[in-house]
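What follows is a single structure, written as structure tokens, with notes after it.
The values are calculated or read from the model by the stated rules, or taken from the named source; none is laboratory data. Not measured: the values here are computed from a predicted model. In this analysis, Cβ positions are derived from the backbone assuming ideal geometry, glycine residues included, and neighbour counts consider all displayed protein chains.
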Amino acid sequence: VVSMGLYVGEQAYLRSSWNILDGFLVFVSLIDIVVSMAGGAKILGVLRVLRLLRTLRPLVISRAPGLKLVVETLITSLKPIGNIVLICCAFFIIFGILGVQLFKGKFFYCLGPDVKNITNKSDCLQANYKWVHHKYNFDNLGQALMSLFVLASKDGWVNIMYHGLDAVGVDQQQPITNNNPWMLLYFISFLLIVSFFVLNMFVGVVVENFHKCRQHQEVEEAKRREEKRQRRMEKKRREAQKLPYYASYGNMRLMIHTLCTNHYLDLIITFIICINVITMSLEHYNQPHSLDLALKYCNYFFTSMFVLEAVLKLIAFGVRRFFKDWNQLDLAIVLLSLMGITLEEIEISAALPINPTIIRIMRVLRIARLKLLKMATGMRALLDTVVQALPQVGNLGLLFMLLFFIYAALGVELFGELCNEDYPCEGMSRHATFENFGMAFLTLFQVSTGDNWNGIMKQDTLRECPPDHGTDVDYACNPSLQFISPMYFVSFVLTAQFVLINVVVAVLMKHLDDSNKEAQEEAEMDAEIELELAQGTLCCMESQWLDSVSLLIKDTLEGEMLMIDNLSGSVFHHYSSPQLICKDCKGHPQE
């Protein structure tokens, strides 16, 4: 503020939305300190919730540009996502109004140990039972929208559907099993139209907007791709004129190289891996000793085959060419297999810091060797796409952690004292609770997977308060949660399940598309090199002027320096004449 100014000027502090957020968080923190020192207990709880926004401060630091870019992408997605939200709201309101007309006041039932002979509300009250209604109902439009959102999330939607099928009368009749099966059409049509169609438009909208957000980078990316393509073409041209690396091999090593590059060897290794996986799957509890011996000798055989393959490839390709791409994984699996066999034979497991069983389990990774085979091109492309997308997915992971942190801390503040021994929770358990930050974090992870989030909200956070509950703050019932809890869970489910997950899909699709384009360019470059070799345009001196041009290409890509001939793939420059060079060396053998 002192150096740039508060508001006046282009670089003023309040001209940046990130600085506004940062300043607001600092202001809230100062108020929190002042109120805490003054002992303001009533407003302190509200400030604790606002204080959670401090976790957004990592978004404004320059040392997290990737995280900041993801957040800005999500912010720019609000407008197109808002359009699909309007469509969803229209369908929700239509089905909500229809649901109110069909089921208002019909989701009541008698709660008691034996309700077989109960037919209406009077019988229920005479038996000293409770006449209650389901938490998810259609008594009004608000309740209907909440019930429809649970249906759309596909978590516990079957229970709501059968409650509608069993409904009989308004507030007076006990539900009868499958009383009106035609109501099934209402719920199925909502699922088909909204859950399976409209909500999945989120994927298309987020993916499309993700591509639009990257359009401003397309010019720079196109230049980088063209520069990279030229370097790769030059490298391929130079390699095409050189003798193959195995030209100096002796007869025995050349024969081993021919064997290792043979297509049938891949088929044999694939068959061995499949048989190995089958034998490993035969192991079970209380297996006979004969099966133990058979599996042991099978492991020895398969390990020896993989060791032999690794040795042959080391001889055929050499150390430098062998340790490329994923061959390190191949050798690591072989070494782990040998280590496991050695530990089993010498029986020194008691002196080891780790259990040898863990090393034996690593043998399951042998199935990953299918990725190394030449014929598994599709599998390799998918795995390469995942590896290339990891940095950008990592930024999304940071955003996920930030979201979970905020909601976990807020959940502890709101629901931390909700369950106790006198008022136990039904939906929550020792595996799903907000009593501390760690368990709240795990509970939110369960909610993000769509597992029983409506049960946690319905049975615990929306519990009804008795008339004489009083004003004790430690009491397990809080009337304000009737409004806060739906906002908490619905906003988290929308953000985690419908937005951020779809951004991950968009990132993976983008990298898969880039991987396919790169593979296509690789094939086109190979075809161009073969065409040049067939036409004789490559010669002994071409690599020299290509080297000079490549140095210029790295410095600049603009101006008259570069022109690509799409037919031949050659690079022309006014400083050199490939026709004259090739003419001079025409007829001379390539060395």
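Suppose we filter segment 154-174 for residues that are of a type outside the set (A, V, I, L, M) and surrounded by 21 or more Cβ atoms within 10 Å (Cβ to Cβ); how many remain?
Keep residues of segment 154-174 that are of a type outside the set (A, V, I, L, M), which gives 154-157, 159, 162-164, 166, 169, 171-174.
Applying the additional criterion that residues be surrounded by 21 or more Cβ atoms within 10 Å (Cβ to Cβ) yields 163-164.
Residues meeting the conditions: 2.
Considering only residues that are modelled with pLDDT under 85 and of a type in the set (A, V, I, L, M, F, W, C), look in segment 438-458 and name the one that is nearest to LEU403 (Cα to Cα).
Selected residue: TRP453.
Tell me which residues, restricted to segment 161-175, are under 16 Å from SER147 (Cα atoms) and not in a helix (DSSP H, G or I).
Answer for segment 161-175, where residues must be under 16 Å from SER147 (Cα atoms) and not in a helix (DSSP H, G or I): just ALA167.
Can you name the residue in segment 486-511 that is surrounded by 19 or more Cβ atoms within 10 Å (Cβ to Cβ) and small (Gly, Ala, Ser) and is also modelled with the highest pLDDT among such residues?
Among them, the one singled out is ALA496.
Please determine, by comparing only the residues of segment 502-529 that are among the small types (Gly, Ala, Ser) and within 30 Å of THR449 (Cα to Cα), which one is farthest from the chain's Cα centre (by Cα).
Keep residues of segment 502-529 that are among the small types (Gly, Ala, Ser), which gives 506, 515, 519, 523, 527.
Now drop any that are not within 30 Å of THR449 (Cα to Cα), which leaves 506, 515.
Working: ALA506: 10, SER515: 18 Å.
Among those residues, the one meeting the criterion is SER515.
State which residue is farthest from THR385 (Cα to Cα) when the search covers only segment 296-349 and only residues that are touching a Lys or Arg at 6+ places or on another chain (Cβ under 9 Å) and among the aromatic types (Phe, Trp, Tyr).
Among residues in segment 296-349 that are touching a Lys or Arg at 6+ places or on another chain (Cβ under 9 Å) and among the aromatic types (Phe, Trp, Tyr), the one farthest from THR385 (Cα to Cα) is PHE302.
Of VAL386, VAL412, which residue is surrounded by 18 or more Cβ atoms within 10 Å (Cβ to Cβ) and either over 24 Å from the mean Cα position of the chain (by Cα) or modelled with pLDDT of 70 or more (or both)? Quick ask: steps written out before the conclusion?
Values: VAL386 fails: surrounded by 18 or more Cβ atoms within 10 Å (Cβ to Cβ).
Selected residue: VAL412, the only one of VAL386, VAL412 that is surrounded by 18 or more Cβ atoms within 10 Å (Cβ to Cβ) and either over 24 Å from the mean Cα position of the chain (by Cα) or modelled with pLDDT of 70 or more (or both).
Taking the residues in segment 305-333 that are crowded, with 19+ Cβ neighbours inside 10 Å and free of Cβ contacts under 8 Å to residues at least 60 places away in the same chain as candidates, determine which candidate is farthest from LEU267 (Cα to Cα). Steps first, answer last, please.
Looking only at segment 305-333, we keep the residues that are crowded, with 19+ Cβ neighbours inside 10 Å, and these are 306, 313, 316-317, 330, 333.
Then drop every residue that is not free of Cβ contacts under 8 Å to residues at least 60 places away in the same chain, which leaves 313, 330, 333.
Values: LYS313: 16, ASP330: 17, ILE333: 20 Å.
Going through the qualifying residues, I end up with ILE333.
Going by what's in this entry, would ASP266 be described as modelled with pLDDT of 75 or more, charged (D, E, K, R) and out of contact with any helix residue (DSSP H, G or I) (no Cβ under 6 Å at 6 or more places or on another chain)? So that I can check it myself, show each step before the final result.
Values: modelled with pLDDT of 75 or more: yes; charged (D, E, K, R): yes; out of contact with any helix residue (DSSP H, G or I) (no Cβ under 6 Å at 6 or more places or on another chain): yes.
Yes.
Going by what's in this entry, would ASP474 be described as of a type in the set (D, E, K, R), surrounded by fewer than 16 Cβ atoms within 10 Å (Cβ to Cβ) and modelled with pLDDT of 75 or more?
Details: of a type in the set (D, E, K, R): yes; surrounded by fewer than 16 Cβ atoms within 10 Å (Cβ to Cβ): yes; modelled with pLDDT of 75 or more: no.
Judged against the criteria, ASP474 is not a match.
With the condition kept exactly as written, say whether any residue in segment 91-104 is under 30 Å from LEU192 (Cβ atoms), among the charged types (D, E, K, R) and modelled with pLDDT under 85. Walk me through it before giving the result.
Start the filter on segment 91-104 by keeping residues that are under 30 Å from LEU192 (Cβ atoms), which leaves 91-104.
Checking which are among the charged types (D, E, K, R) leaves us with 104.
Then keep just the ones that are modelled with pLDDT under 85; that gives none.
Within segment 91-104 (the criterion being under 30 Å from LEU192 (Cβ atoms), among the charged types (D, E, K, R) and modelled with pLDDT under 85), the answer is no, since none of the residues qualifies.
Among the residues of segment 106-128, which ones are part of a loop (DSSP other than H, G, I, E, B) and over 27 Å from LEU192 (Cβ atoms)? If you could, list the steps in order and put the result at the bottom.
Pass one, segment 106-128, residues part of a loop (DSSP other than H, G, I, E, B): 106-107, 112-119, 127-128.
Matches in segment 106-128: GLY112, PRO113, ASP114, VAL115, LYS116, ASN117, ILE118, THR119, ALA127, ASN128.
I need every pair where a residue in segment 122-144 that is free of Cβ contacts under 8 Å to residues at least 12 places away in the same chain has its Cβ under 9 Å from the Cβ of a residue that is in a strand (DSSP E or B) and surrounded by 15 or more Cβ atoms within 10 Å (Cβ to Cβ), sequence separation at least 6 or different chains.
If the second residue must be in a strand (DSSP E or B) and surrounded by 15 or more Cβ atoms within 10 Å (Cβ to Cβ), the pairs left are LEU125/CYS110; LEU125/TRP131.
If I go through segment 129-143 residue by residue, how many of them are part of a helix (DSSP H, G or I) and over 14 Å from VAL490 (Cβ atoms)?
Start the filter on segment 129-143 by keeping residues that are part of a helix (DSSP H, G or I), which leaves 141-143.
This time we only want the ones that are over 14 Å from VAL490 (Cβ atoms), so: 141.
Residues flagged as part of a helix (DSSP H, G or I) and over 14 Å from VAL490 (Cβ atoms) within segment 129-143 amount to 1.
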